[in-house]
1. Is it true that some residue in the stretch A:269-285 is more than 10 Å from chain D (Cβ to nearest Cβ), free of Cβ contacts under 8 Å to residues at least 60 places away in the same chain and of a type in the set (Val, Ile, Thr)?
2. I'd like the full set of residues that are buried (at least 21 other Cβ atoms within 10 Å of the Cβ) and part of a loop (DSSP other than H, G, I, E, B), limited to the stretch C:195-205.
3. Would you call residue B:93 open to solvent by 70 Å² or more (accessible area, probe 1.4 Å), farther than 22 Å from residue D:193 by Cβ and more than 14 Å from the chain's Cα centre (by Cα)?
4. So residue C:209 passes all but one of these: (1) in a helix (DSSP H, G or I); (2) open to solvent by less than 30 Å² (accessible area, probe 1.4 Å). Which condition number does it fail?
5. Do we have any residue at all in the stretch D:198-206 that's touching a Cys at 6+ places or on another chain (Cβ under 9 Å) and open to solvent by less than 10 Å² (accessible area, probe 1.4 Å)?
6. How about the stretch A:248-338: which helices (runs of 4 or more DSSP H) wholly inside it have at least 3 residues that are among the polar types (S, T, N, Q)?
7. Just a yes or no: is a residue in the stretch A:219-232 open to solvent by 20 Å² or more (accessible area, probe 1.4 Å) and assigned to a loop (DSSP other than H, G, I, E, B)?
8. Inside the stretch A:248-268, can you point out the residues that are farther than 23 Å from residue C:185 by Cβ and in contact (Cβ under 8 Å) with a residue 24 or more places away in the chain?
Amino acid sequence: MTANASTESEFFFARAGLQQLIDVLRTRGYKVVGPTIDQGAIIYDEIASVDQLPQGWTDQQEPGQYRLERRNDEAWFGYVVGPHSWKRYLFPPLATVSVADKTAAGWQMTSSPDPSPKYAFLGVRACELAAIKIQDRVFLGGAYVDPIYRDRREQAFVIAVNCTMAGTNCFCTSMNTGPRCRTGFDLALTELPDGFLIEVGSDSGSEIVRELQARVAELAESQAAEQARLQAELQITKKLDTTDIRNLLLTNLEHPRWADVATRCLSCTNCTMVCPTCFCTSVSEVSDLQGDHVERHRQWDSCFNLDFSYMNGGNVRNDIRSRYRQWLTHKLASWIDQFGSSGCVGCGRCITWCPVAIDLTVEVAAIRGETP
Amino acid sequence: MSSTDPSLAEELCNLQFASGWSDGVVTELAAISKYVEFAAGTIIFTQGAENHDLFLLSAGRVGLDMYVPARGAVRILTLSRGELLAWSALVGDGHMTATATALEPVRAIAIDGARLLDLCDRRHDIGYRVMKRLAWALSHRLVATRLQLLDLYSHTTPHVLQSPVERR
Amino acid sequence: MADRPKLAVFKFASCDGCQLSLLDAEDELLAVAGAVDIAFFPEASSRMLPGPYDIALVEGSITTAHDAERILEVRKQSRFLMTIGACATAGGIQALRNWGDSAEFLRAVYARPEYISTLTTSTAVADHVAVDFELRGCPINHHQLVEVLASLIAGRRPRTPTHSVCLDCKRRGTVCITVAQGIPCLGPVTQAGCGAICPAYDRGCYGCYGPVKQGNSEGLGDHLVASGHHPSDLVPLFRNFNGYSPEFRAESDRLAARAAQGD
Amino acid sequence: MNLSPLMTHAHAAVADNPWLSQTVRIESITAEIPEVATYELAFVDPVLAARYRFLPGQFNMLYLPGVGEVAISISANPNSRERWAHTIRVAGTVTQSLSRLQPGATLGLRGPYGNPWPLADCLGKDVILVAGGIGLAPLRPVIYELLANRAKYGNVTLLLGARTPEGLLYPGEYTDWQAGGIEIESTVDRASSEWTGNVGVVTLLIDRLPLPRPDQTVLLMCGPEVMMHFTVKSARKRGLADKQIWLSSERNMQCAVGLCGHCQLGPTFVCKDGPVFRYDHIAPFLKVEGL
């Protein structure tokens, strides 16, 4: 790259440069996590080679349905989002929060000894950048900071990839979170037929680019990238009307639609598990046989679980209606009171991965009084 | 009872039951009322007995007990200043549903039930006011009774298993 | 030693798998053995002490007239009666006969059916006597059994999961097989406990741990039918190890009725 | 629903890891009413002991390794040092295990957490405290504060409701409280005819209360949700506005710092936005069943 390139500039590297990027990051001690095909879906897992990327594959999504299909090209990032999200790595499904040991002086409590892995995320979409920003507010933005999230987040290197296509269940444009990656990344790539356009979002991103065979992008390349990104935006058809949505939902807590959705909802927790912002957890005690060494394990939990609201011998939210209502009103309404933004980024995962195809945009429209 | 105690009329106005009523109405009411006093511990009436006066408590507390076989007398409510006692004299059959005991020296305004009903019949404007206040007092008492019935402070711990060792 | 609770293990109609789970617990079993006095456990020990017992573990369903009488006696002798496994808790796989012709089964299976004395149904222990705690699973998970015993001894609430299998699939990173592959799966309406094994091997959940509390089997059945599965194909999905549990039974009967109506 | 500025003070005391408990020792156990006992706790670490402060209305997370954690309001004098009290009812796994411990046993503690009672708003005003059952426990620190600075407040009345006369908490302290200038009225739901105190719901006490200046009165309450609901109705009838009424609410609090999601009630996290709320802030959500 040219020595005086500003961080504002766009760079370009040929397709071979992607492997180089992975290698540079791995050399620097990052575990590179990226998209790969497993169990009939594009998931996020640790990768070492571009060969592990879902080259030439795309995802066809409908409410309650996800299928992999061949593309008619060899794109590495020609899909939208899958069942995993980056929260699996920043906010792991199982983590030890503290350890207690029985000593002669009584119980001694210490922090978890688990080291925090240093991750580089490859292929973070705009909606996912927004989701990370939301979890930043949840775990880092208040009076109390979650140390597990903080340690992983501070070390993470984020390589965003701009969407060049959209899925049926994508509605990031409604949530103002995409499809264009604007902030929150170290590097942002746009995949083109012969290479990648790169934007630099941080000093550490700039440092990595310097090690790549990258050059300043030509105008035609920038325009081609813009065209590809625009294509994604134009493909988005799903909409969620967010006009005054906080008050819409919080003043309709007794709307008959909640009972209607309760006949379909299985309360199975899938939507909350695939949601990239849902952050509920429960802690369980795991002790050795003598009970002298006890670990507190924090696990993903869900407001759809009956016992989630357990209190003094009873459950506050004692039917599916009240649990679905809690989830949707929290995600789209009370989240705004709590964290200053919606809890939804429009990624559509909860729609695709609901085993009975419940679509929150349809539910909101129904509460709004619109015929779906 | 022809001469009305002026302080009685004044006290009636102070009690919630007759508060805000015109002098004329209060005078009519006072004419059929009298002060009664009960020493602490006095049984004012017993469950099942006949009683023809409606009491408005002016001072002191009254306990209401109902008798339950094998459990004895169970206190269901205590009443104090401003509250109605023996409403069955007015809307029941004159037989008391509970036993009333003065827990402290009690001063009350006793209104002759038969004459009050007669007054209500003759003067529907007064009858309406009396019945409205009575209905309010009874609905209030009903809500309070429901809350007692809910047994709010009891706690069940269904998910706590008793150790089989402790069960022995 | 007198303070240790007396434990008894009783077997009714079952494959013995749940008792074996207890024996499989090895190390933990030793700890359990130290904390309880195993007074009656024919599978593990020849020592058979008379009741009463503090804790009775009951495996198996009630399938004979003799079973029905014996379980009354077990209840009388036991302060705390806990069923272990799908048979004792929901009638087990043998409860499939509740939908069939028991006499015909006997003729088909046994050369001399007249020697067989059996009830026409296989039913849960709770249909006969009061049950203090139900430990689910086909077979039960021995970690859970040890946890329940430990909590009974300590007098606290056992920590057995009450959530759906889906939650465990997501925690372990399994991709939903219903959504990604169209495979019918009982996971959304089944209580967790196994660690969500089957979906990780591309098989639908069989519902071994029985219906999750406040699950929506009807919602699942409706959606599967709406997405192209024939009701008659779905009946066997619900009629499995826990098919005679009230929730799965109701849904399989409903689907069978829809199939009969030519839905 | 903003965090009290005083919270930053409490926050300074917590370690880098809000999930981490510190070791405390049970100094004494006092049986109160059936199934309820008061535990006096003290930090084992003298530095923590010297630093620990709380405000009336705040709670701690008590931790029994291997059993679990439970949120318990602090019932001690806020000016107490070195050791402080929690009044605990056996209601679940942790409290049951706790009830089997003896003085000298150690456990974990995180805290204090949550927003306190609005004592600054009570200065110069008449104060009514309404406590149902064990709801008196989180109000006891307020009582100590009012007694310690009695002249700064107007009339103070404590209205107590309980299931039975035996369920009235801290009966041994009432005489001291009355001598210190607090009016006490109590009532029970069930009693035999030997009981000479009041029988009936606690709301009746509000109906009977002399309220010389309702606009200059603050009501603080803690008890079962239904009791608080009807207390508000009675208080409104007596001329109190919703913004003069405060309550301490209860939900399933697990992390105590707004990170686990369990204790949400409408837009609030009860653990960090409460447990003490001004009634008008929380009322729209309290009345919705199953929220």
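The values are calculated or read from the model by the stated rules, or taken from the named source; none is laboratory data. Keep in mind that what you see is a predicted model, and the values were worked out from it rather than measured. Reconstructed Cβ throughout: ideal geometry from the backbone, glycine too, with neighbour counts over all protein chains shown. Side chains are part of the model used for accessible areas, which takes the heavy atoms of the whole protein and leaves out ligands, DNA and RNA. Shrake-Rupley method; radii C 1.70, N 1.55, O 1.52, S 1.80 Å.
1. yes
2. Correct list: C:196, C:205.
3. It is true that residue B:93 is open to solvent by 70 Å² or more (accessible area, probe 1.4 Å), farther than 22 Å from residue D:193 by Cβ and more than 14 Å from the chain's Cα centre (by Cα).
4. For residue C:209, the failing item is (1).
5. Checked the stretch D:198-206: no residue is touching a Cys at 6+ places or on another chain (Cβ under 9 Å) and open to solvent by less than 10 Å² (accessible area, probe 1.4 Å).
6. It comes to A:320-329.
7. no
8. A:248, A:249, A:250, A:252, A:253, A:255, A:257, A:258, A:259, A:260
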